[in-house]
1. Looking at segment 302-326, which of its residues are surrounded by fewer than 14 Cβ atoms within 10 Å (Cβ to Cβ) and not in a helix (DSSP H, G or I)?
2. Pull out all pairs, ordered by first then second residue, where Cβ-Cβ is under 6 Å, the residues are six or more apart or on different chains, the first lies in segment 21-44 and is under 18 Å from residue 61 (Cβ atoms), and the second is at pLDDT 75 or above and exposed (fewer than 13 other Cβ atoms within 10 Å of the Cβ).
3. From the list 261, 251, 212, which residue is exposed (fewer than 14 other Cβ atoms within 10 Å of the Cβ) and in contact with a strand residue (DSSP E or B) (Cβ under 8 Å, 6 or more places away or on another chain)?
4. I'd like to check which strands (runs of 3 or more DSSP E) are fully inside segment 205-252 and have at least 1 residues that are touching a residue at least 40 places away in the same chain (Cβ under 8 Å).
């Protein structure tokens, strides 16, 4: 009996030691990944950790430990190398055809999951960390990803793919100022201090309201008001006030502003992970799909740019969307593996 008990204890102890060794190895691989020192095996281990539901508690613990070790002192990690590491892995393993595009979509979502928490952490802790007083912070949302966070005054921000926002650690004086490139939805906390969003070509000022701003480079600029009231101004001296349900279209060339009534769902649903098109030209749809899925899309035939697309998508892959467009429109597509580019053609 004593011998049997000792054997059981020995097996239990041995099993515990093995589990601890596996956890330590997994933790080491994950840390090398976060420090941009990962090799192929480390990357495989990190991806497996991210996509395995049964390892969620392990992942949460490791992320928490990494967060607690992150301080404002020291060098800022180069996250571009991390993302490159993932994309290199994608390119190395992709095959031609349908599975190919789905594989890219799958790994792009993983890349977004990995980068967003680190980007926000760096924005709050490390950006301009060497400055004194009230330094500016910058948060960027990578392609194929969207993120949400609170500003220092409690206002909420949803940042769309390929967008960047900057703001001070503390709002001081008589103004709450943020700078935006790309697209963001704001739910501004009411205050006597005006809240101002500055883009390259116009500014928006409110006291407390909810609205969307789209200010991507070389694209149509707009402000869409959900509730409250906003004032929009341009360097050309143009100024207008919006009422709920209205949208301002800003001509970035001459600073002119045009107002119109719109269906709000078409312009703000992205923050709820909905991609909505309503009779939208194919070239504008392609731009949004590029940001949404982090892929290059080339339209190989000028005539199909005039095709208009209508549809609502939530969790569909890029391949599913393109297949639907093939069925409903005179469009076909192919994939260039070398350039990682989707090519749209006339049937």
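1. Within segment 302-326, 308, 310, 312, 314, 315 qualify.
2. Filtered contacts from segment 21-44: no entries.
3. Of the residues listed, the single one that is exposed (fewer than 14 other Cβ atoms within 10 Å of the Cβ) and in contact with a strand residue (DSSP E or B) (Cβ under 8 Å, 6 or more places away or on another chain) is 261.
4. Values: elements: 210-215, 221-227, 230-233, 239-242, 246-250.
Here the list reads 210-215, 221-227, 246-250.
Table: residues versus (1) farther than 29 Å from residue 170 by Cα; (2) in contact with a helix residue (DSSP H, G or I) (Cβ under 6 Å, 6 or more places away or on another chain).
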residue: 189; (1), (2): no, no
residue: 212; (1), (2): no, yes
residue: 218; (1), (2): yes, no
residue: 223; (1), (2): no, no
residue: 230; (1), (2): no, no
residue: 248; (1), (2): yes, no
residue: 255; (1), (2): yes, no
residue: 258; (1), (2): yes, no
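The values are calculated or read from the model by the stated rules, or taken from the named source; none is laboratory data. Predicted model only: the values in this text are computed from it and were never measured. When we count neighbours, we look across all protein chains shown, and the Cβ atoms used for this are built from the backbone with ideal geometry, even at glycine.
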